[in-house]
Structure formats: C-alpha cells, structure tokens
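The structure under discussion appears below in the form of structure tokens.
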C-alpha cells in the first residue's frame, strides 16, 4: 500500500502554466492533481489511458477533434475521455482538478 499527500508530490510544469502532481498510484490507476492558469492551453492529444476528471475550482473548455464533442466544465463537474480519443483544454479561469488515468502511465511515475 502507498500513501502520498498532495504537498509531497513533485510539481511538474508541462505545458507552460499547467502544473501537475502525481498522487499515490499502482499499475491500474493513477490520479494526478492539476493547477491550470487562465489563458493556458493543453493542445489536442490522445493516449492509451482512459482519463476521468473532477473540477475542484475554476472553469475550462474541453476541446476535441469534432466541435460537437467540445464542452465547458466548472467546479463540481466531472468528465471522461476514453482511450485514444483526441482531446485538449483551453483554461478559461484559473482552475484546479483531479484526474485519474486508467491504467497508470509509466511516463508520470515519479516515486
């Protein structure tokens, strides 16, 4: 069993103005906490992991390959991106969220 407080997580900024901290994880699931600055952007991308998110604070536009798949989220909202679905983010207000990736992503294992 592993335990980790968010204050212990190593902050990584990538892309600019987007800071993430990897929380406790195993091979099956990996939660990460994100701090996003208004005006920042995560470009369209995809990955093998399913991504499930919960917005703690702020507001963001979630972008997709198809405009009809785009939507805005704010504090209290949750969302899912299935494996290999193109998605990204335009940060509309300073935001904080927690996202869980299933399975864990090796490139984000930092403890």
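Key figures for this structure:
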{"read-out": "Residue in region 90-98 that is touching a strand residue (DSSP E or B) at 6+ places or on another chain (Cβ under 9 Å), modelled with pLDDT of 95 or more, surrounded by 17 or more Cβ atoms within 10 Å (Cβ to Cβ) and within 22 Å of residue 48 (Cβ to Cβ) present", "value": "yes"}
{"read-out": "Qualifying residue in region 56-68 (condition: closer than 12 Å to residue 98 by Cβ and modelled with pLDDT of 95 or more)", "value": "yes"}
{"read-out": "Complete set of residues in region 1-35 that are assigned to a loop (DSSP other than H, G, I, E, B) and within 21 Å of residue 65 (Cβ to Cβ)", "value": "15"}
{"read-out": "Residue count, region 46-60 (criterion: within 27 Å of residue 2 (Cβ to Cβ) and assigned to a strand (DSSP E or B))", "value": "8"}
{"read-out": "Residue count for region 38-68, restricted to those that are on the phi > 0 side of the Ramachandran plot and surrounded by 19 or more Cβ atoms within 10 Å (Cβ to Cβ)", "value": "1"}
{"read-out": "Condition met for residue 38 (in a loop (DSSP other than H, G, I, E, B), more than 15 Å from residue 108 (Cβ to Cβ) and modelled with pLDDT of 95 or more)", "value": "yes"}
{"read-out": "Where a residue in region 57-77 is over 20 Å from residue 18 (Cβ atoms) and its partner, wherever it lies, is assigned to a loop (DSSP other than H, G, I, E, B), with Cβ under 7 Å and at least six apart", "value": "65/86"}
{"read-out": "Selection from region 13-37 of residues that are within 20 Å of residue 58 (Cα to Cα) and surrounded by fewer than 14 Cβ atoms within 10 Å (Cβ to Cβ)", "value": "13, 14, 15, 16"}
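The values are calculated or read from the model by the stated rules, or taken from the named source; none is laboratory data. These figures come from a predicted structure and were not determined experimentally. Counting neighbours? That spans all protein chains shown, and the Cβs are built from the backbone with ideal geometry, glycine included.
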